[in-house]
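Scroll down for the structure; my scribbles are underneath it.
Please treat every number below as a calculation from the coordinates, not as lab data. Bear in mind that the values here come from a model prediction, so they are computed numbers and not experimental data. Don't worry about glycine lacking a Cβ; one is built from the backbone with ideal geometry, like all the others, and counts go over all protein chains shown.
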Amino acid sequence: MSDTQLEVREIKEYSRAFKIIASDDRGKEIGHAMLYLMQDESHTKPIGYFSNLLVDKDFRGAGIGSKLAKKVISEAERLGCYKLLCSSRDSRGIVDWYKRLGYRAHSTSFRIDFCDGGGKLE
C-alpha cells in the first residue's frame, strides 16, 4: 500500500453558492445568509449547507435572522436539495432557535482550524 497514488481534481460543477440578502427600506444590506449546494457521487440531488447568518447589530431582535433562515430553507427545497445541513455554536439558546425552524440535532461535527479567525471580516 505504500505506493498508493492520490490525485486531487477540482470539480466545479459540483458546487454552487447563493447569498440571501436582507435590506432596509433604503436598500442597505442589514443581514445575509449563505446557502451552498454540493453534489456528491452517491446522490442524484444536492446537499444544502446553510452558513454565515449575520444581522447588523442595530437590527437584531426584529425577526430578520428568522426570515433569512426560512428563506434559506425554502431556497434549498426549491433547488432540489435532499437535505439541508448547518452547524452552530451552542450558545445563547441558538440550538433551540434552530429547532424552532425545523432542524433537529443529528450528529457531532469536527473541524480543523488552519489559521486564527479564518480571515474573518469585521
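Charge dipole (Cα centre; +1 on Lys/Arg Cβ, -1 on Asp/Glu Cβ; no other charges) of the chain amounts to roughly 640 debye.
Sequence neighbours fewer than 8 away in the same chain don't count; with that in mind, list the lysines whose C-alpha is under 30 Å from Lys99. The qualifying lysines are Lys19, Lys28, Lys45, Lys57, Lys67, Lys70, Lys71, Lys83, Lys120.
Taking 0.36 nm per residue of separation and subtracting the current Cα-Cα distance, fully stretching the chain between Asp24 and Lys71 would add 15.3 nm. Among residues other than Gly102 whose Cβ falls under 13 Å from its Cβ, what is the net charge (Lys/Arg +1, Asp/Glu -1)? After counting each charged neighbour, the total is +3. Using 0.36 nm per residue and subtracting the Cα-Cα separation, the extra length available between Arg89 and Thr4 on full extension is 26.8 nm. Computed from label points 7 Å out along Cα-Cβ, the spacing between Ser15 and Ser42 is 1.9 nm. Taking 0.890 mPa s as the viscosity and 25 °C as the temperature, the Stokes-Einstein diffusion coefficient of the chain based on its alpha-carbon Kirkwood radius rounds to 147 µm²/s.
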